[in-house]
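Have a look at the structure below, then the notes.
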Amino acid sequence: MIKAYARLYTRFKIAYNNRMIFRAALPSDIRAIMDIEAASFDAATRESEEIFLSRIEICKNCFIVFEDAPSHTICGYFSAEKWEHIPDGDKAFSLEHDPSFSHRPTGSVLYLSSFAILPSYRSKGIGKKLFAQSVDRFSSQNPEVKSALLLVNEAWRGALHIYKKNGFSEFRRIENFFTEDGVKTAGIVMTKAL
């Protein structure tokens with residue numbers, strides 16, 4: 001099992017401004033991933049360790065971590081799944097959904113299930129660049145993927161800005177999907193042709 005992940009590490013290792021390394025997430029990265037999750041999302045929005053481990057296992061080439069090269073600190077992650085199509089209903093977008101039911105290795109839609117970076121790396125343009133490079137890398141390595149899809153809380157202005165700057169546009173809304181600081185907010189489903 002470790003050999004398969006090591007092979008993915010080499011395949012995904014790229015430099016970013018001589019500071020960041022993109023690599024496949026490993027099960028041993030789970031503590032750092034969960035720390036990033038806790039620092040990035042309200043308790044009602046956080047997903048479980050079990051779901052993240054399932055994503056790492058089910059779609060090995062769709063879950064990457066960003067490692068600060070000088071310190072070897074995992075400072076962010078990007079997880080995705082391939083879906084057959086953009087779902088008509090809202091149920092597919094539920095938090096804690098099991099990727100074993102939704103991921104299709106030959107799917108034509110890249111569902112970006114989660115993206116986060118540590119607070120100390122935010123507001124420097126790093127998130128925007130990491131997100132753009134991640135989407136570009138996945139689309140270039142998966143020619144069968146024709147579109148990307150994501151769900152974002154309407155209250156997350158920084159994330160919305162990054163997604164819009166990367167060519168995503170609103171597809172539909174799911175009212176009262178998220179709870180942000182005790183307040184119900186809409187989820188915005190966004191798409192982009194690749």
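The values are calculated or read from the model by the stated rules, or taken from the named source; none is laboratory data. Values in this document were obtained by computation on a predicted structure and should not be read as measured data. Using ideal geometry, Cβ is built from the backbone for each residue, glycine included, and neighbour counts are taken over all protein chains shown. Ligands, DNA and RNA are excluded from the accessible area calculation, which covers all protein heavy atoms including side chains. Shrake-Rupley method; radii C 1.70, N 1.55, O 1.52, S 1.80 Å.
Tabulated data
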| item | result |
| --- | --- |
| Matching residues in segment 127-143 - criterion: being in contact with a strand residue (DSSP E or B) (Cβ under 8 Å, 6 or more places away or on another chain) and free of Cβ contacts under 8 Å to residues at least 60 places away in the same chain | Gly127, Phe131, Val135, Ser139 |
| Answer residue from segment 95-132, given it is of a type in the set (S, T, N, Q) and either farther than 22 Å from Val145 by Cβ or in contact with a Pro (Cβ under 8 Å, 6 or more places away or on another chain) (or both) and is least open to solvent (accessible area, probe 1.4 Å) among those | Ser113 |
| Flag if Glu49 is in contact with a helix residue (DSSP H, G or I) (Cβ under 7 Å, 6 or more places away or on another chain) and open to solvent by 40 Å² or more (accessible area, probe 1.4 Å) | yes |
| Qualifying positions in segment 162-176 - touching a residue at least 60 places away in the same chain (Cβ under 8 Å) and open to solvent by 50 Å² or more (accessible area, probe 1.4 Å) | Phe171 |
| Among the residues listed as Ala186, Ala159, Ala193, Ala155, the single one being open to solvent by less than 20 Å² (accessible area, probe 1.4 Å) and either in contact with a Lys or Arg (Cβ under 6 Å, 6 or more places away or on another chain) or in contact (Cβ under 8 Å) with a residue 12 or more places away in the chain (or both) | Ala186 |
| Selected residue (only one of Phe78, Phe22 is within 21 Å of Asn142 (Cβ to Cβ), surrounded by 17 or more Cβ atoms within 10 Å (Cβ to Cβ), modelled with pLDDT of 90 or more and touching a helix residue (DSSP H, G or I) at 6+ places or on another chain (Cβ under 6 Å)) | Phe78 |
| Close pairs (7 angstrom Cβ cut-off, 6 or more residues apart or separate chains): at negative phi and without any contact (Cβ under 8 Å) to a residue 60 or more places away in the chain in segment 34-46, surrounded by fewer than 16 Cβ atoms within 10 Å (Cβ to Cβ) and not in a loop (DSSP other than H, G, I, E, B) anywhere | Met34/Glu49; Arg46/Ala38 |
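Every residue, every condition in (1) closer than 20 Å to Ala25 by Cβ; (2) in contact with a strand residue (DSSP E or B) (Cβ under 6 Å, 6 or more places away or on another chain); (3) part of a loop (DSSP other than H, G, I, E, B), yes or no:
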position: Thr106; (1), (2), (3): no, no, yes
position: Lys124; (1), (2), (3): no, no, yes
position: Val152; (1), (2), (3): no, yes, no
position: Ala155; (1), (2), (3): no, yes, yes
position: His161; (1), (2), (3): no, no, no
